[in-house]
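The structure appears below as C-alpha cells.
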Amino acid sequence: MLSGDTIQSRLIIAVASVALSVAVVFLLATVVLSLIPTSPKSEGEKEPENVITAEEEQAIKSAVGEAILEYNKDGYSPGQCQAEGHVILEIVKDGNQFKVYCITSYGAYSLEEDGPKKVSGSGAIPTVITLQKTESDTYKLLKYEEPLDGEKWNESLKSMFPADLLPKVENTQDYHDALLAQEEEQALTFFTSQ
C-alpha cells in the first residue's frame, strides 16, 4: 500500500506533466497559427497608408537611380556615359512622400581599349533622398542630402540618419564593391548597346 506522501508526490508529478503538455500544445498551436497566411483583403479594403507596396518599392529604386544621375551630372568631369550605384537601407513612407536612406555612388565612364573606365565620380556616400509620388504615379525629387565634408561629417550623419541606421553608414567602404559593380554593369550595358 502506498503512503499518503507517495500518492501526493505522484499526483503533483501527474498535474505538472499535464500542465507541461498543455503549455507545449499551446506553444505549437501559436507557432502553427503564425505560419498560416492571413486571408486576402476583401474587395474595397485598402492597404494601411504607410505600407510600401512592391510596385512602389521597384519604382522608388528606379527613381533613386535617376536622382543620383541628375544630382551628380554637373559635379564631375564628363565621360561618355553616366552610371550610378545605390544600396537602399530603409524607405520611410509618409503619405505620398518617401524618405530613402541609402548609400550612393556616381561615375562618369569612357570606353578604353580594355573596356569601360571610370574617369571621374564619387565613392560611397551616405545619402537621404526624399521623393514625392505624383498623381501620375511618377516620383519627383524633393530633396537630395549628403553629409557635410570634413569635421562636420559625423555631426551631419547623425542629423540625417535615424540612430538605428548610423552603424550601417559609418563605414561606407563596406559598400564600395557592390556600388562599383552596379556602375560598371551600367557602363558596360551602355557601351555594348552602341
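Just so you know, all these numbers are worked out from the coordinates, no wet-lab data involved. In this text, all values refer to a predicted model and were calculated from it rather than measured experimentally. Here the Cβ positions follow ideal geometry from the backbone for every residue, glycine too, while neighbour counts run over all protein chains shown.
For PRO147, the shell of other residues with beta-carbons less than 12 Å away shows a net charge of -4, using +1 for Lys and Arg and -1 for Asp and Glu. Computed from the Cβ-Cβ distance with R0 of 30 Å, the FRET efficiency linking GLU145 to ASP114 stands at 0.25.
Tell me the net charge near LEU166. Cut-off is 14 Å between Cβ atoms, LEU166 excluded, with +1 for each Lys or Arg and -1 for each Asp or Glu. With Lys, Arg at +1 and Asp, Glu at -1, the neighbours total -3.
Here the dipole of the stretch 50-194 is about 340 debye; that uses its Cα centre as origin and unit charges on the Cβ of Lys and Arg (positive) and Asp and Glu (negative).
Stretching SER159 away from ASN171 to a fully extended chain increases their span by 2.7 nm, per 0.36 nm per residue minus the current alpha-carbon distance. Do any GluC sites (Glu not before Pro) in the stretch 146-193 lie in a DSSP loop with no more than 15 other beta carbon atoms within 10 Å, and if so, which? Within the stretch 146-193, the qualifying GluC sites (Glu not before Pro) (loop, at most 15 other Cβ atoms within 10 Å) are GLU170. Rounded to two decimals, the Cα-based Rg/Rh of the stretch 54-192, with Kirkwood Rh, is 0.98.
Please give me the summed charge of the neighbours of THR189: other residues whose Cβ is under 14 Å from its Cβ, Lys and Arg +1, Asp and Glu -1.
-4
Placing a pseudo-label 7 Å from each Cα along the Cα-to-Cβ vector at PHE190 and GLU135 gives an inter-label distance of 3.5 nm.
Of the chymotrypsin sites (Phe, Trp or Tyr not before Pro) found in the stretch 57-134, those that fall in a DSSP loop while having at most 16 other beta-carbon atoms within 10 Å are TYR76. With the gyration tensor restricted to C-alpha atoms of the stretch 85-137, the semi-axes of the equivalent ellipsoid amount to 31, 14, 7 Å, longest first.
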